[in-house]
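Below: one structure, written as structure tokens.
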Amino acid sequence: MAGPTLKPLSPGATIGILGGGQLGRMTALAAAQLGYRCHIYCPEADAPATQVTSLTSIADYTDEAALADFAEAVDVVTYEFENVPFVAAATLAQHVPVRPGPEVLRICQNRLREKDFCRAAEVPTTRFAPIASARDLHERVAEFGRPCVLKTAELGYDGKGQISVDRDTDLDTAWAQVAEAAATTGVILEDFVDFRLEVSVIVARGLDGARRTYVPVENQHKNHILDQTIVPARISEKVADKAEGIARHLAEKIGLVGLLAIEMFITADERVLVNELAPRPHNSGHWTLDAAVTSQFEQVVRAIAGLPLGAADRLADAVMKNLLGEEAAAAQAAWSDPYVKLHLYGKGEARPGRKMGHTTKLIRR
Ligand SMILES: Nc1ncnc2c1ncn2[C@@H]1O[C@H](COP(=O)(O)OP(=O)(O)O)[C@@H](O)[C@H]1O
Ligand SMILES: [Mg+2]
């Protein structure tokens, strides 16, 4: 039954995006192509996304008056990172559709909830346990064995908030580093996965429940930050099918409208273990801008606008390379290869590890 909520957003309507980073910037550009306006809500002035649209709210995520004005100004809300306070999304949802829904955000904000959700959906993850005290830590490390990984449950990214527990790690020192997080948002201990490689799958789900997955891609990290994505991942068809099946299943179970990026570990014996979920466009999907029928940014706009999804087929193999910090200076080299596409995010200061842009090298099939 096509109720009024299934009516697609009309051209000229306004999409609200919480967050002002490069993911919001590329989403806003895709939205503009489809005839939509974007209104960016973020705390920082001159953030990458605010440079490509004239509608902005520069305010804190807890500013209730600014959130109310924003809800008034937009037709649908999405977010470009998952550390938006849950209450902001929940408050907005009382006035305007928030897609993916606040409950999806709540799960994906917290590593413990993410893994509990996977467990309930019967999707394998690495072994894990919540850690609430130094004593818990001692007991669980004895149970899991070393190495293992201690992580804050929330607000970590690019390896921040993670401590490897190796042979020589003093557990009381490690605990001291996370005790404060344990008291507020929680702490998780994970088995260390001796993976063969890391992959991710991005799945889109429309308002009508249709799903499309992008091909599994292989992610190589340096210092815990994504360095390169190889498209497609060098895995067997069987493993690729399994990974895509997991992505479709999780999208359905979580009631997704929008995009869900799923990071997975592939072990030597071809097990697929879910590591993290992100309810938004993902760095490992940037290749889709240049090498897929529908980019992940157009796809998220289609999904949240209630339009039919576009095909997710890849048009070429590709290698996406992040330009971190000073590497952006080397971006000029990209011009010497006519099959390299350069994307820069408009960020001023090239701090170490900061994502300044990326290149995608297209490889003809
Ligand atoms: N349990 C684990 N076993 C092995 N490597 C891990 C584990 N958890 C994280 N890593 C490594 O650290 C990287 C970053 O960790 P992740 O959990 O994805 O957090 P984030 O991306 O939010 O920083 C992963 O991509 C992986 O390379
Ligand atoms: Mg990750």
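Readers should treat all values here as calculations from the given coordinates under stated rules, not as data from a laboratory. Computed from a predicted structure; not experimentally measured. Neighbour counts are summed over all protein chains in view; Cβ atoms, including those assigned to glycine, are modelled from backbone coordinates with ideal geometry.
One residue stands out among those in the range 211-233 that are more than 17 Å from the chain's Cα centre (by Cα) and within 17 Å of Gly245 (Cα to Cα): the one that is nearest to ligand 1 (Cβ to nearest atom), which is Ala233. Being surrounded by fewer than 19 Cβ atoms within 10 Å (Cβ to Cβ) and either near ligand 2 (Cβ under 9 Å from one of its atoms) or under 14 Å from the mean Cα position of the chain (by Cα) (or both) is the filter here; which residues of the range 260-275 pass it? Matches in the range 260-275: Glu263 only. When every residue of the range 281-302 is checked against the conditions, none turns out to be farther than 22 Å from Val52 by Cβ and touching a helix residue (DSSP H, G or I) at 6+ places or on another chain (Cβ under 8 Å). If you go through the range 280-309 and keep only what is hydroxyl-bearing (Ser, Thr, Tyr) and either part of a strand (DSSP E or B) or under 21 Å from Lys115 (Cβ atoms) (or both), you end up with just Ser284. When residues in the range 320-355 are screened for being acidic (Asp, Glu) and either under 23 Å from Ser200 (Cβ atoms) or crowded, with 17+ Cβ neighbours inside 10 Å (or both), 1 of them pass. Among the residues making up the range 64-117, a single one is under 18 Å from Gly21 (Cα atoms), among the β-branched types (Val, Ile, Thr) and surrounded by fewer than 24 Cβ atoms within 10 Å (Cβ to Cβ): Val84. When you scan the range 313-320, do you find a residue that is β-branched (Val, Ile, Thr), away from ligand 2 (no atom under 16 Å from the Cβ) and assigned to a strand (DSSP E or B), even just one? Within the range 313-320, one or more residues are β-branched (Val, Ile, Thr), away from ligand 2 (no atom under 16 Å from the Cβ) and assigned to a strand (DSSP E or B).
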